[in-house]
Structures are given as structure tokens and as C-alpha cells.
Amino acid sequence: MKAILQDLSYAEMQDLAVSLGEKPFRARQLFEGLTQGKTISGISSISKALKEKLLETYEDCAISVQEKFLSADGTEKYLFRLADGNLIEGVLMKYKYGYTQCVSTQVGCRMGCTFCASTLNGLIRNLTAGEILSQILLVNALHKDDAVGQGKESRAVTNVVLMGSGEPLDNYDNVVKFLRNVTAKEGLGISARNISLSTCGIVPKMYELAKENIPLNLTVSLHATCDEDRKRTMPVAKAYKIEDILKACQHYFDVTGRRYYFEYTLIDGENCDEQHADALIKLLKGKPCHVNLIRLNEVKERHLKALGEKQAYRFLGRLEKGGLSATLRRQIGVDIGGACGQLRASYLKEQ
């Protein structure tokens, strides 16, 4: 597999152009073409000779759509094929305020969370910064008629969540470079405040992220109120205690001024009775955080059951009454396997 040109920052693109004997302005043409979701061979503003030079080292097409599914609620699920043939997936969610894209950061995942299909086949490899970015560039290009804004600020995808297949902080360097490239004014220029990064709680990397000066929304998958319960569904809990995670979250708030978020998947018979609600209130009340309750998207290989809607709202009401800021996430894309890893896992099984 060749390198991915989308990995490069604008400054690196300028250095590349000069190293190939081109004027520095060629970097702008390259960067703009790639930002529009074009392949190298499809950028009309550069010469055939430059294209040939680039294609000796770089993949022409970093990512393509293998399959696309449309939900009754308008949600779109993509199975993407990478240049080396590996498959990842992503989701485009349409809201009144704009389009939010959920991107993958790894091919597979090694975290082993029992409610997630991403881990079923383990971790294959990390994605490069350019492969993460290319997911957005491709979907933007497919939805160019839905773009908002003017000129280079025009784009369909306005919000990004790193919540697809993979653990973002397990691919730290590539993810940070992606964040710098996707927020760069020369490229998509998406505000870091419109980006959410979801982690299962790799504590040392949470401290590192706070130093990066990228004021994104930090979200931690909690899903339990004590370490012993968390270990049953999340192997990472054997390495990092909830107490350690809370300290890392508070540090993130102290450094960035950004409140943090907790995801709490409601698993019937596991973590969502009144006692668990009261324990969650005791754990988080008074902290600068928000709790996103999620009704489980069932993965048949995992044999875990989702909580009913009425019970989910009862759990939410108890949290709110206890003084927590909380919401119950609207279920979308259920009819197309919208949860992390479901589409890739089913495709691989069929193959």
C-alpha cells in the first residue's frame, strides 16, 4: 500500500510541492482538490506530469464506498473500503442544526467491550490521519448539494464524532494529527467545539489530550457505577479505575474549560435499576459533566438485551430529579445496524 496524500498538513503539502520542483502555490491547488473529496487524478488544476509524480508514491483513491444503507429516519450508514482492501464503517446523522458524521479510527478494535460489535474480530490496524479525514471528505463530496456556508467554508458535514470502530486514544498520534488537519483553516476548518472524541477511558492519554490545546468535547464510555461491574462489560476497567477516570476528566476541565460527557449504555439486568441510578447520581453530582444515556443497539453475538423505552425514561427522570444533567439519546439508524461495528461484522461474516 502506498502513502496517503491526505495525511499531510498544508505546510507538509507545500514542502512536498517544492521537493517535486513545483511552485508553492501548487500545494493550495492540491489541498483544495483533496478537501473537495477528489482523487489525485481527478484534480483538474494540476498538470498531468505532477499527477504522475504523485501517483508514484501516493494512493490515487484513499477510500471508496463499498456499500451504503439508508434508514427510514434518514440516517446513512457507510461501509468504506480502504486502499489496502480493509473495511471500516461510518454513519451520517441528519439533525436540524446540521449533519454529524461518526468516523472510525481503527480497523476493528482491541478493547473488547462486550456490548460493541467493533471488537468481534479484534484489531487489524490503526487508520492514518488521512484515512480518518478521507471519510469526511468523501461524504462531504457525496452531499455537496446539502452544503452550508460559502466558498471554502461550504460543507455538508458540520459536526464530527470519533465514535465509530476503534478506540481513538489507542491510535493517539494519528488521531491528534487528524484533529489538527480537520480544524485547520486551510482545509475543512471544522471548529474543535463541533468535534467529540469518545474513549473507553485510557487515562494516560486523556492527560496527554488535555495538553494538545484542541478544545474538543471529551466523552467517556462509563456504562457502570463501580469498578467490579465495569469489568464485566469493559476489560479496560482492569487497568483504569473509575476514580482515575474522574480525576483525568477533572484535569481536562481544569486545562480546557470544557465540560466533559459520559456515555451510559442502558443494558437490561446489568446497570439500569433504581440503585444504579442513585449510585450514578452519587458518583457525578456536582461535577461539570453531562450524561448521555444510550439504549443498547443489540449485537446478537453478545447476548445483551436493551432496556425498554418506558424504563429508559424512568431512569433518566431519576437522574434529573437527583440533580444530574442528562439526556436520553434518540435512537437512529436501528433498522440499518447503526451501532459501532455492526455493518462491518455482518459483511465479513457473509463473505
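The values are calculated or read from the model by the stated rules, or taken from the named source; none is laboratory data. None of these values were measured; they are calculated from a predicted model. With ideal geometry, Cβ positions are generated from the backbone for all residues, glycine too; neighbour counts draw on all protein chains shown.
One residue is enough: does the stretch 299-306 have a residue meeting the conditions surrounded by fewer than 18 Cβ atoms within 10 Å (Cβ to Cβ), of a type outside the set (Val, Ile, Thr) and modelled with pLDDT of 95 or more?
no
Need pairs with beta-carbon distance below 6 Å; first residue at pLDDT below 95 and within the stretch 163-183, second buried (at least 22 other Cβ atoms within 10 Å of the Cβ) and part of a helix (DSSP H, G or I); sequence gap 6+ or separate chains.
Between residues of the stretch 163-183 that are at pLDDT below 95 and residues that are buried (at least 22 other Cβ atoms within 10 Å of the Cβ) and part of a helix (DSSP H, G or I), the close pairs are Ser165/Ser118.
Among the residues of the stretch 70-84, which ones are farther than 26 Å from Gln6 by Cα and assigned to a strand (DSSP E or B)?
Leu70
Among the residues of the stretch 207-224, write down those that are closer than 23 Å to Asn159 by Cβ and among the hydroxyl-bearing types (Ser, Thr, Tyr).
Of everything in the stretch 207-224, those that are closer than 23 Å to Asn159 by Cβ and among the hydroxyl-bearing types (Ser, Thr, Tyr) turn out to be Thr219, Ser221.
Can you tell me how many residues within the stretch 108-127 are in contact with a Ser or Thr (Cβ under 9 Å, 6 or more places away or on another chain) and either at pLDDT 85 or above or more than 21 Å from Ser198 (Cβ to Cβ) (or both)?
So the count comes out to 8.
So which residues in the stretch 122-151 are out of contact with any Cys (no Cβ under 9 Å at 6 or more places or on another chain), touching a residue at least 12 places away in the same chain (Cβ under 8 Å) and part of a loop (DSSP other than H, G, I, E, B)?
Within the stretch 122-151, Leu127, Thr128, His143 meet the criteria.
What is the residue count in the stretch 54-73 for residues that are touching a residue at least 60 places away in the same chain (Cβ under 8 Å) and either touching a His at 6+ places or on another chain (Cβ under 7 Å) or farther than 19 Å from Ser44 by Cα (or both)?
Residues flagged as touching a residue at least 60 places away in the same chain (Cβ under 8 Å) and either touching a His at 6+ places or on another chain (Cβ under 7 Å) or farther than 19 Å from Ser44 by Cα (or both) within the stretch 54-73 amount to 10.
Quick one: in the stretch 174-231, which of the residues that are touching a Phe, Trp or Tyr at 6+ places or on another chain (Cβ under 9 Å) and of a type in the set (Gly, Ala, Ser) is farthest from Leu127 (Cα to Cα)?
Result: Ala224.
Please work out if Cys249 is closer than 24 Å to Ser196 by Cβ, at pLDDT below 95 and either assigned by TED's automatic domain parsing to the domain that holds Leu316 or not in a loop (DSSP other than H, G, I, E, B) (or both).
When the stated conditions are applied, Cys249 does not pass them.
Check off (1) crowded, with 20+ Cβ neighbours inside 10 Å; (2) part of a helix (DSSP H, G or I); (3) touching a helix residue (DSSP H, G or I) at 6+ places or on another chain (Cβ under 8 Å) for Val220 and give me the number that stays unchecked.
(2)
Given the options Leu246, Leu222, name the one that is under 21 Å from Leu316 (Cβ atoms) and of a type in the set (A, V, I, L, M, F, W, C).
Selected residue: Leu222, the only one of Leu246, Leu222 that is under 21 Å from Leu316 (Cβ atoms) and of a type in the set (A, V, I, L, M, F, W, C).
Among residues belonging to the stretch 1-40 that are of a type in the set (D, E, K, R) and surrounded by 19 or more Cβ atoms within 10 Å (Cβ to Cβ), point out the one that is nearest to the chain's Cα centre (by Cα).
Here the residue is Asp7.
Inside the stretch 101-147, can you point out the residues that are hydroxyl-bearing (Ser, Thr, Tyr) and either buried (at least 19 other Cβ atoms within 10 Å of the Cβ) or not assigned by TED's automatic domain parsing to the domain that holds Asn194 (or both)?
Listed by number, the residues that qualify are Ser104, Thr105, Ser118, Thr119, Thr128, Ser134.
For the stretch 266-276, state whether one or more residues are over 30 Å from Gly189 (Cα atoms), hydrophobic (A, V, I, L, M, F, W, C), touching a strand residue (DSSP E or B) at 6+ places or on another chain (Cβ under 7 Å) and not in a strand (DSSP E or B).
Yes, that holds for at least one residue.
What single numbered condition from (1) among the small types (Gly, Ala, Ser); (2) without any contact (Cβ under 8 Å) to a residue 40 or more places away in the chain; (3) in the same structural domain as Thr158 (by TED's automatic domain parsing) fails to hold for Ala83?
It fails just one condition, (2).
Looking for something in a loop (DSSP other than H, G, I, E, B) and under 22 Å from Gln135 (Cβ atoms) - is there at least one such residue anywhere in the stretch 12-34?
Scanning the stretch 12-34, I find no residue that is in a loop (DSSP other than H, G, I, E, B) and under 22 Å from Gln135 (Cβ atoms), so the answer is no.
Which one of Leu123, Leu169, Leu162, Leu209 is farther than 24 Å from Leu70 by Cβ and within 12 Å of the chain's Cα centre (by Cα)?
Only one candidate qualifies: Leu169.
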